[in-house]
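Below you'll find the structure, written out as structure tokens, and then a few comments.
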Amino acid sequence: MRKPWKMAGVPGVFYRPGAPAPSPSRIHRPRTRDDAAKRPGKMKTPLRLLQTLALATTILASLGPGATHAAAPRTNVVLILADDLGWTDLHCYGSHYYQSPHLDQLARDGVRFTQAYSACTVCSPSRAAILTGKYPGRLHITDWIPGLPPENPKLLVPDWTKYLPLEEFTLADALHAAGYATASIGKWHLGGEPYYPDQHGFDINVAGTEASNPKTYFAPYKISTLPEGPDGEYLTDRLGLEAGRFIEQHKGGPFFLYLPHFAVHLPVQAKPALIEKYRARRQPGQKQNHAGYAGMIESMDETVGRIRRKLEELKLADHTLVIFASDNGGRVPTTSNLPLRVGKGSCYEGGTRTPLIIYWPGVTRPGSVCETPVIGMDLYRTILEIVEVKAGADKAVDSLSLVPLLRQDGGLKRDELFWHYPHYQHYQLGGAAPYGAIRKGDFKLIEFFDDMRVELYNLRDDIGEEHNLASRMPAKVEELRTRLHNWRNDVGAQMPSRNPAYNPSQPEHDPTAKKKKAADK
């Protein structure tokens, strides 16, 4: 894996760490005109110069009519990932309370997907899926790291993987090998220091650690991989500044900027002026009315605007792909995902249906809306196809390129998506017990592992999953259940096991335990 180069003691000369630094006396220094004047011997004759120019002209002519023009710049990639942002948490996705003008503009410029899904109902598996193009069930990264099982579970979770293995060939690895400068700026949450971003194809890691969330959004942050800012600096703003700095430093391109925000994950902390702004926007009957959360969304949105302004300023906007996504659904009751059922940590649509906006300059039709179901892993092959990098695409075995949808000249050869979550989310409102799910066409089947009961919904007619059709459609249940079981076998998904110490006279978890609450500060 490539590591950053170091100065060799002479301006403009670098070497790889681990190699001996070359002696200044042995470093070739480019010749100047003064050097040429001092050098003994004859200068080139005009005839020799003419012969050289003639040869160069012949070579260029043999390459074709376009060879004398500068090559078109390679496409840069900016992938912005929100944390816990719900499907309806942006104005362009229907919110009348939260304001997101820059993401709304991105949607007007590109394609807004209405049936985009995260690969899991919680963060770490979804992030691993995006970076590898593989289902969490295949990776065995199936819960947020390190997870939190209840004290008296009916089922014991499997021996799952709590880091992103170094053997995995990531999207950053593929782009790095193709000559891209790569940076991860923000939340990582895929293992400790041996598994940090710089071990997975990223040249730069800013703020990425094993932590699931920051202790505070205001400096001092006490994040080991982020130099402290001035007291009171806001973390989301800081990540935006770091992103802009990376773009500036690599404006010669090509570059891959992965910006996984901590926002809008707990703790809910927004800048005071934005809290006051959104308190004044509250109206009776609003389902979304958390002023602190709204302020966090606006700050995150502003970083999108800042990045796009930087791209325009550096004349990079016309060859930079910009993607915005979320790692799972919104946390209830901090926000409301209605009309979707509940939210983060659940087996229902509120847990996995998320915003997705893609802007591919010169290709996506402004203001387009795509209703095809897609999933996080698809970003891997989509990005590689757009930037014309073939090496590594075959590693992303569960990814499909969305290019036909972006060009609007074809569809996807797939009509089913899967989820596998052999864990508990007893501490989330509406959180799931261990389950698996399949969506095939308009139908979604959920299978609960504790007793293997199922629920069946027609999402076209019942987006809120209020009407369980399982008893009325046994043939459809059998079809989808069989396909789900076959898929689990195909990917080697791990299943939970019975807990021999389970006490049926006691609850799996204490229902009177104090619940976390997001303070409206």
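FYI, it's all coordinate maths here, none of it is from the lab. Everything quoted here is computed from the prediction, not taken from an experiment. Cβ sites come from the backbone with ideal geometry, for glycine too, and all protein chains shown count toward neighbours.
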To make sure I understand the rule: partners must be aspartates and glutamates, Cα under 12 Å from the Cα of Lys287, and not fewer than 8 residues away in the same chain. Which ones qualify? Asp89
Give me the distance in nm between label points sitting 7 Å out from Cα along the Cα-to-Cβ direction at Thr482 and Gln249, one decimal. 5.6 nm
Over what distance in Å are the Cα centres of segment 440-489 and segment 340-388 separated? 23 Å
Could you tell me whether segment 418-498 comes out rounded, prolate or oblate from its Cα gyration tensor? Rule is a ≥ b ≥ c as square roots of the eigenvalues, rounded for a/c under 1.5, then prolate if a/b exceeds b/c, otherwise oblate. oblate
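Once you have the Cα-Cα distance between Arg498 and Ala280, take 0.36 nm times their residue separation minus that, and quote the gain in nm to one decimal. Let's see the in-between values first.
On the way: separation 218, 0.36 × 218 = 78.48 nm, distance 5.15 nm.
Gain on stretching Arg498 to Ala280: 73.3 nm.
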Give the relative contact order (percent, whole number) for segment 95-218; include only Cα pairs under 8 Å separated by 6+ residues. 18 percent
Give Lys162/Lys390; Lys134/Lys413; Lys187/Lys271; Lys413/Lys444; Lys215/Lys251; Lys134/Lys390 a once-over and call out the pairs whose C-alpha atoms are over 22 Å from each other. Lys162/Lys390; Lys215/Lys251
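Using +1 on the beta carbon of Lys and Arg, -1 on that of Asp and Glu, and nothing else charged, what's the dipole of segment 76-411 about the Cα centre, debye to 20?
The dipole of segment 76-411 has a size of about 860 debye.
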